[in-house]
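J.: Sharing a structure below in structure tokens format, with a few things to ask.
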Amino acid sequence: MFTGYRDSILPIWEEYITGTGHADGVRPQIAASWRRCVKACVDPRSPTPHRKLDAQSLSRLLREKDQLIKVAKPFMANLYHFVQGSGFVVVLTDENGYILEMFGDEDTLQNPMTEDFFRGAGWHETEAGTNAIGTALETGAPIQVSGAEHFRRKHHCLTCSSAPIFDEDRRIIGVLDMSGASHASHLHTLGIVVAAAEAIMAQLSIRRKNQELALINNRLTNFFNAVSDGVLIVDKNEVVIELNPAAKTMLGKDVLGTPVGKLFEPRAVSRGKAITIAEPYTDIEAMVDTKEGLCYCLVSCEPVVNDQGAATGGIIILRPIKQVQNLVNRFSGYSATLQFSDIIGDSPAIRDAIRLATLTATTTANILLQGESGTGKEIFAQAIHNLSAQHLGPFVALNCGAIPSELIGSELFGYEEGAFTGAKRGGKPGKFELASGGTLFLDEVGDMPLEQQIAFLRVIQEKKVTRIGGDKTIPVNVRLICATNKNLLQEVERGAFRRDLYYRLNVMAITIPPLRNRIEDIPLLFAHFLDKLGRDRGCKYFVDPAVVDFLTHYSWPGNVRELHNVVERAASLSEDGTIVLRHLPAELSVPPAARTFAAALPAAQMLDCREKRQKAARDAEKRKIQGLLNTHAGNVSRVAREMGVSRKTLYNKMRVYAINN
């Protein structure tokens, strides 16, 4: 095989390994590799085989490099096809020089030239000396090593051509090599190997891009399927070609192949726009034809255009108004937080009202709450909502007496853009729309103007609302709770309230008793409000028993609201945490029998009356303390416990009244 072949590098190699030469006359890459081999103590004359991986390590390495092997094998097979039968081998190694895959003739392992080519064999420079695989790993560049350029004598019979394989970050992940008899060396061999390595890297890049695209596609598919809005994908002819599960649920029927324009009610599209893909738009109000009938939605569109700017399709998003309103209601405070447990009182009157409200809450009937101002009608309304089947929906409250009569209609029913001077751009939904799926609480309903009562009655009967300035009807599903401090039947008799509306609202009437009819609840309410103030302010209040006794003899025209204000005032005036009679408002100091007479007295006389009453109360308290001290032989602790105050408070009172113990 080697007859007539002469290696010109051999004399230079012999001089170098014997120390008589300096590698002059060889390529710089080879000379540098020889120096690295000497530094690594590689024996140039050793015939020992290369170090190889054990079976377990090789198996693990093959699993880690599975993708590289799968991509490289077709290209290696093509290379081997051209050199098959010539004794050449085509080899793939990892970044450490260990052989992962190879193609060769059947006698490869028995051939003295190629006996070191097998899976798991190491071809790093520190193992095999200068060679194309190890030197390519060191330099990071393609190289051909032939004959005596190899540092170890046993490889002088070989010519090896190798090219490194890089990942996307230009890190070496492997080497492609083709090796054979040194007399068959040809520069074209290295070019072929480099081209194959480039093809492997290109295929790896394509596979990586495909994996990235598959990941992106999975994410988009998951988003498409999980998004709560309905999504329609249409082609350039505006025909539905795909829709997500939310859209299928919303429409309730198969719309694939349907022109998108047929899904919408043309007369019910706002701003005069057609639902097309000709231009992008956002939140167009429209009625969508569904299996259950028309559904009020916000529609948005984003056209899909090609490089020339022509629309090739589009994405149409359907967002039911109800979902939007529920989201707005969550962040706008349209929710109920109070329960029946928040209603304080044990009197028969309040217990009876709570019982009736609890029974009524589980029905869908309209409720009329009647009671004086300040009795807690909204607390009852919130509690009823939270116990009803609509508790997951919004709780929207509107005080009809606090809004000018000309604005009641726009607040209740909403309006379209341009409906009147000052109307917001884009229009505004009314309270009926906002409360759809929940409860609408109308306080002071007796103050609603007559002209609005007709429209109000129509909405209650038809469960549909038409915005002011609009022509489309919007279905609403609202639980209605109304409240008034007037006698609506008397208002009907004098023509201030429609009789048909009265009977429509008065399906279930609940009367909330005034505070003067539930005197036994005053101490409970007083203690509840005071405890809450104490928690909010981080302190504890003590109450003179005379205060609570005094409060039960007042008529409370402002009901629970007035009592709450009295508690807050008394707590604010208390300097040492003890609330006494002088901390109460002046009007509470007037005896009930004299209250009518006192109202007509001049201010100076009223003040004098109040001072006299307070002085009498102080004298009575002083006598009480003195009597208890005598009874308990001066034991301050026992006196304080009996009076329900702290020792500090009792000492303060003794100092004020100049009582010597």
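Coordinate-derived values only; no laboratory data. Note that the structure is a prediction, hence the values are computed from the model and not measured. When we count neighbours, we look across all protein chains shown, and the Cβ atoms used for this are built from the backbone with ideal geometry, even at glycine.
J.: Students often forget the sequence filter, so: which lysines lie under 18 Å Cα-Cα from LYS52 once same-chain residues fewer than 8 apart are removed?
T.: LYS65, LYS154
J.: What are the ³J(HN,Hα) values, in whole Hz, obtained from phi via the Karplus relation 6.51 cos²θ - 1.76 cosθ + 1.60 with θ = phi - 60°, for each residue of segment 81-98 in sequence order, with x given for Gly and Pro?
T.: 4, 7, 10, 4, x, 9, x, 6, 10, 10, 10, 10, 10, 8, 6, 10, x, 8
J.: Expressed as a rounded percentage, what relative contact order does segment 10-208 have, with Cα pairs under 8 Å and six or more residues apart?
T.: Value for segment 10-208: 21 percent.
J.: Mind jotting down a quarter of the surface of the convex hull over the alpha carbons of segment 383-510, in square nanometres, one decimal?
T.: Over all viewing directions, segment 383-510 projects a mean Cα-hull area of 8.1 nm².
J.: Follow-up. What dipole magnitude, in Debye to the nearest 20, does the chain give about its Cα centre under +1 on Lys/Arg Cβ and -1 on Asp/Glu Cβ?
T.: 3160 debye
J.: So which aspartates and glutamates can LYS624 reach, going by Cα to Cα under 14 Å and dropping same-chain residues fewer than 8 places off?
T.: ASP544, GLU642
J.: Excluding the sites themselves, what is the longest stretch of the chain that contains no GluC sites (Glu not before Pro) in a DSSP loop with at most 12 other C-beta atoms within 10 Å?
T.: With GluC sites (Glu not before Pro) excluded where exposed in loops, the chain gives 293-574 as its longest stretch.
J.: Calculate, axis by axis, the spread of Cα positions in segment 464-544 along the three principal axes, and write the results as whole Å, longest axis first.
T.: Cα spread of segment 464-544 along its principal axes, largest to smallest: 62, 33, 20 Å.
J.: Related question: Taking amide hydrogens as modeled 1.01 Å from N in the peptide plane, which residues meet the under 5 Å criterion relative to ALA397, leaving out close sequence neighbours?
T.: Here the answer is PHE441, since their amide H atoms fall under 5 Å of that of ALA397.
J.: When the Karplus curve 6.51 cos²θ - 1.76 cosθ + 1.60 is applied with θ = phi - 60°, which whole-Hz ³J(HN,Hα) does each residue of segment 395-408 get, with x for Gly and Pro?
T.: 10, 10, 10, 9, 9, 5, x, 9, 10, x, 4, 6, 9, 4
J.: Mind giving me the nanometre distance, one decimal, between the label points for LEU450 and ASN661, set 7 Å out from Cα along Cα→Cβ?
T.: With each label placed 7 Å out from Cα toward Cβ, I get 7.3 nm.
J.: For the chain, what is the relative contact order in percent, using Cα pairs closer than 8 Å and at least 6 residues apart in sequence?
T.: With pairs under 8 Å counted, the relative contact order is 7 percent.
J.: So how do HIS50, HIS385, HIS22, HIS564 line up by other beta-carbon neighbours within 10 Å, fewest first?
T.: HIS22, HIS564, HIS50, HIS385
J.: Please check the chain for the longest run free of chymotrypsin sites (Phe, Trp or Tyr not before Pro) that are loop-located per DSSP (anything but H, G, I, E, B) and have at most 13 other Cβ atoms within 10 Å.
T.: It runs 6-419.
J.: For the chain, what does the convex hull of the Cα positions come to per residue, in cubic angstrom?
T.: 358 Å³
J.: A 27 angstrom limit on the alpha carbon distance is what I want to check against. Which of LYS291/LYS322; LYS262/LYS464; LYS532/LYS622; LYS377/LYS540; LYS424/LYS486 exceed it?
T.: Values: LYS291/LYS322 17 Å; LYS262/LYS464 23 Å; LYS532/LYS622 31 Å; LYS377/LYS540 30 Å; LYS424/LYS486 34 Å.
Over 27 Å apart, Cα to Cα: LYS532/LYS622; LYS377/LYS540; LYS424/LYS486.
J.: What aspartates and glutamates does LYS70 reach when the alpha-carbon gap must be under 16 Å and sequence neighbours fewer than 8 apart in one chain are set aside?
T.: Within the straight-line cut-off, LYS70 pairs with ASP94, GLU101, ASP167, GLU198.
J.: Let me ask another. Would you mind ranking VAL71, VAL91, VAL656 by Cβ crowding within 10 Å, fewest neighbours first?
T.: Result, fewest neighbours first: VAL656, VAL71, VAL91.
J.: Report, in deg cm²/dmol and to the nearest 500, the calculated mean residue ellipticity at 222 nm for the chain, where each DSSP H run with n ≥ 4 adds -39500 (n - 2.57) and the sum is divided by the residue count.
T.: On the way: 23 runs with 274 residues, N = 661.
Taking each H run of at least 4 residues, the total per residue is -13000 deg cm²/dmol.
J.: In percent, what relative contact order does segment 430-540 have, based on Cα pairs under 8 Å that are 6 or more apart in sequence?
T.: 27 percent
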